[in-house]
Amino acid sequence: MGSGPGGNAIKTGNTIVCRDINTNGTFSPWREEAKRHGFSSLIVLPLKMDGEVYGAMGIYADEIDAFDPGEVKLLEELSNDLSFGLKAMRARFEKEKVEIALRESEAKFRSFIETAEEGVWIIDEKAKTNYVNDAMLKILGYTRNEMMGHSFFEFMDDENKNYAKKKLERRKKGFGEKYDFKFIHKNGSSVWTIISAKPLYKNNKFIGSLGMLTDITKRKEMEEELKKSLNEKEMLLKEIHHRVKNNLMVISSLLNLQSNYIKNKEDFDMFRESQNRAKSMALIHELLYRSDDLKSINFGDYMGTLIKDLFNTYINDPSHLKLNLDLQNIKLDINTSIPLGLIVNELVSNSMKYAFPDGREGEINISLKTEDGEYILIVGDNGVGIRDDIDFRNTDSLGLQLVNNLTQQIDGEIELNKKHGTEFIIKFEEASF
């Protein structure tokens, strides 16, 4: 900023009067130029806006001391009027700039809305349609005239109107949300959409709602087809489990009928053992058939049922034998349940047949639990125990051979504790298939 009269007026905010340019030292840099134009005196008036100086106005005269006090006061008033006028012009200019920017922004926004792939639907507080874009018209198949001014609820079936009214009430309470909704196309077909809805306010008053809609009809149709296909497959799988169970029970019944013609006790026992094995597998398929889960069963419940059947088969005098069951409700996959069920069948059958000879009283303890991420099955009794000369891992007994092979099949480990009778401990983890 300069140090001449104009600079001083701006810096101080005061009127600067230069009565004689030829003798005023602050004007020396411009003296020759002033003489060339015939100027002899000068007055500089600051221009102010809202208390701040934003410029200055200079008036030259060809006479020395041309401005008397009255003229200085008049020029200061004119300066103030000029500042006010410039302020008004500036405010108007700024307003026009804002209006132009707003119009440009509205034009860009409208262009974006009109070219958007999503449908845009604006309704007022009474659910009358104020605006729809081309995409929204395409989604429902109507013309603009057929939608503008019409109620939002005219474009849906009666079943969904109450739901839509509840959603509008939530808009009135200030809630925005996203949800699936079904409309009716002009041709009568169903149109599924995802609506992202927001409330609209003006001066803190609810004036309507803005919805962005995406057509998901094809996705919904695919979901319905997939659901139908899954239901059909579930029914088919249930039927398979039912038929497998029936076939196993037929085998069990045939073995039972055939055993009636067998006189040799060892042969009879072999038939009855095979019959129980078939029944143990049939029971798993029966539980799967009756369950909502077609892939796994509650193995604790299964064991309880299986052990009761074996008890009724092998124990003539229930008062001589006590069953102690500690079975957790554990869900196991069918690929684990079938071999584990056969293992339980063999071990419990052996205890009931051989641990308590000659009517000896005793107890059978059976537990199933989880511990440190693995399953533990324990089948034990306080009977006579397995002879010391028998290696349960290498024996001619078909039952124990099955137990060892099936334990390997489920990637388990088996141990035998003979301190107090017989106790088999099998640890395993359910395999991932």
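The values are calculated or read from the model by the stated rules, or taken from the named source; none is laboratory data. Everything numeric here is computed off the predicted structure, so don't read it as measured data. Backbone-built Cβ (ideal geometry, glycine too); neighbour counts: all protein chains shown. These accessible areas exclude ligands, DNA and RNA; they are computed on the full protein's heavy atoms, side chains included. Shrake-Rupley method; radii C 1.70, N 1.55, O 1.52, S 1.80 Å.
Worth pointing out:
- Where a residue in the stretch 306-329 is among the acidic types (Asp, Glu) and its partner, wherever it lies, is assigned to a helix (DSSP H, G or I), with Cβ under 8 Å and at least six apart: ASP309/ASN276; ASP309/LYS279; ASP309/LEU283; ASP317/GLY359
- Just one of (1) in contact (Cβ under 8 Å) with a residue 40 or more places away in the chain; (2) open to solvent by 40 Å² or more (accessible area, probe 1.4 Å) fails for GLY6. It is (2).
- Some residue of the stretch 349-361 being modelled with pLDDT of 90 or more, over 22 Å from LEU283 (Cα atoms) and in a strand (DSSP E or B): no
One line per residue, one yes/no per condition, for (1) open to solvent by less than 90 Å² (accessible area, probe 1.4 Å); (2) over 30 Å from the mean Cα position of the chain (by Cα):
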| site | (1), (2) |
| --- | --- |
| TYR131 | yes, yes |
| ILE139 | yes, no |
| ARG144 | yes, yes |
| MET147 | yes, yes |
| SER151 | yes, yes |
| PHE155 | yes, no |
| ASN162 | no, no |
| LEU168 | yes, no |
| LYS172 | yes, no |
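- For the stretch 362-382, filtering for residues that are part of a loop (DSSP other than H, G, I, E, B) and either open to solvent by less than 30 Å² (accessible area, probe 1.4 Å) or modelled with pLDDT under 90 (or both) leaves 2.
- Within the stretch 258-274, the residues that satisfy the criterion of being open to solvent by 100 Å² or more (accessible area, probe 1.4 Å) and assigned to a helix (DSSP H, G or I) are LYS265, GLU266, MET270.
- Lone qualifier among GLU94, GLU63, GLU99 - being free of Cβ contacts under 8 Å to residues at least 40 places away in the same chain and open to solvent by 90 Å² or more (accessible area, probe 1.4 Å): GLU63
Here's the yes/no breakdown for (1) assigned to a helix (DSSP H, G or I); (2) in contact with an Asp or Glu (Cβ under 7 Å, 6 or more places away or on another chain); (3) not hydrophobic (A, V, I, L, M, F, W, C):
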residue	(1), (2), (3)
ILE123	no, no, no
LEU137	yes, no, no
PHE153	yes, no, no
LYS182	no, no, yes
GLY208	no, yes, yes
GLU221	yes, no, yes
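- Matching residues in the stretch 383-411 - criterion: being of a type in the set (Gly, Ala, Ser) and open to solvent by less than 20 Å² (accessible area, probe 1.4 Å): GLY383, GLY399
- Every test in (1) assigned to a strand (DSSP E or B); (2) in contact (Cβ under 8 Å) with a residue 12 or more places away in the chain; (3) not aliphatic (A, V, I, L, M) is passed by ASP20 save one, and that test is (1).
- Count - residues of the stretch 339-361 that are open to solvent by less than 40 Å² (accessible area, probe 1.4 Å) and not polar (S, T, N, Q): 12
- Residue check for ASP50: among the acidic types (Asp, Glu), open to solvent by 40 Å² or more (accessible area, probe 1.4 Å) and farther than 17 Å from ASN80 by Cα: no
- Every condition in (1) of a type outside the set (Val, Ile, Thr); (2) at pLDDT 90 or above; (3) open to solvent by 60 Å² or more (accessible area, probe 1.4 Å) is met by HIS420 except one, and the failing one is (2).
- Any hit, the stretch 159-176, residues being aliphatic (A, V, I, L, M), outside any loop (DSSP other than H, G, I, E, B) and in contact (Cβ under 8 Å) with a residue 60 or more places away in the chain: no
- From the list LEU294, LEU332, LEU342, the one residue that fits, being assigned to a strand (DSSP E or B) and either modelled with pLDDT of 85 or more or not basic (Lys, Arg) (or both), is LEU332.
- The residues of the stretch 180-213 that are under 26 Å from the mean Cα position of the chain (by Cα), open to solvent by 50 Å² or more (accessible area, probe 1.4 Å) and among the charged types (D, E, K, R), listed by number, are ASP180, LYS198.
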